[in-house]
Amino acid sequence: MDSSGRIVWTLVGVGALALIVALPLAVRSRFEGVWIPSASMAPTLLAGDYVLMDKAAHWPARGDLVVFTDPGEADQLLVKRVVGVGGEEIVVDGHDVYVNCEPRREGCRPLAEPYADWSAEARAPGNAGPVQIPTEAVFVMADNRNAGEDSRHWGPLARDRIVGRPVWVYWSADGDGHPRWDRVGLRLH
């Protein structure tokens, strides 16, 4: 092999090495795994689920799931659902969430929330509001409404705390470590 052939193979090797190093870094800059430790988002997310988070997510709309830094512990990530966006007023009255209207007022209807589960034993008050959501914030709640803390407890969530959105379950195991194969690959909405 002449010197020009060695140069070509050296360049190919350097390029392959650069790709091997750069590809995982590029993927990691956009996606990250998040472990779900509690049942606060059941039935959507279960304790023991591992979800892939998209860190390049858009500004969330009502109904979106978001991953954010815990307002109480900045080194911990939480997942909740957006029920109100900036500029809206939220009232949580019993099992109903109202947006921009007073409960029991003529024509005022609660949000339709097929994902909300109120069946767990209550550990915290369910009512909140009225709360005016700042423009650069959202109001988030756990799907398992009685099993976790959310904006009812610590107020609207500032935009700068949101780090991404969960997009799918890539692994799941129950409390005994047994795989839950039916959850692997589950796309999250």
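The values are calculated or read from the model by the stated rules, or taken from the named source; none is laboratory data. Computed from a prediction, not measured in an experiment: that's the story for all the values here. Positions of Cβ are backbone-derived with ideal geometry, glycine not excepted, and every protein chain shown enters the neighbour counts. Accessible surface areas use protein heavy atoms only, side chains included; no ligands, DNA or RNA. Shrake-Rupley method; radii C 1.70, N 1.55, O 1.52, S 1.80 Å.
Quick notes
- Residue in the stretch 166-188 that is in contact (Cβ under 8 Å) with a residue 24 or more places away in the chain, within 22 Å of residue 39 (Cβ to Cβ) and in contact with a His (Cβ under 9 Å, 6 or more places away or on another chain) present: no
- Residue ID - least open to solvent (accessible area, probe 1.4 Å), chosen from residues in the stretch 66-102 that are touching a Phe, Trp or Tyr at 6+ places or on another chain (Cβ under 6 Å) and modelled with pLDDT under 85: 71
Residue-wise test of (1) of a type in the set (A, V, I, L, M, F, W, C); (2) under 20 Å from residue 45 (Cα atoms); (3) surrounded by 15 or more Cβ atoms within 10 Å (Cβ to Cβ); (4) touching a residue at least 12 places away in the same chain (Cβ under 8 Å).
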{"position": "104", "(1), (2), (3), (4)": "no, no, no, no"}
{"position": "135", "(1), (2), (3), (4)": "no, no, no, yes"}
{"position": "161", "(1), (2), (3), (4)": "no, no, yes, yes"}
{"position": "164", "(1), (2), (3), (4)": "no, yes, yes, yes"}
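- Residue that is nearest to residue 116 (Cα to Cα) [pool: residues in the stretch 45-55 that are surrounded by 21 or more Cβ atoms within 10 Å (Cβ to Cβ) and of a type outside the set (Asp, Glu)]: 45
- Residue within the stretch 56-65 that is surrounded by 16 or more Cβ atoms within 10 Å (Cβ to Cβ), over 13 Å from the mean Cα position of the chain (by Cα) and of a type in the set (Gly, Ala, Ser) present: no
- Selection from the stretch 140-184 of residues that are assigned to a strand (DSSP E or B) and touching an Asp or Glu at 6+ places or on another chain (Cβ under 7 Å): 140, 141, 144, 158, 164, 165, 167, 169, 172
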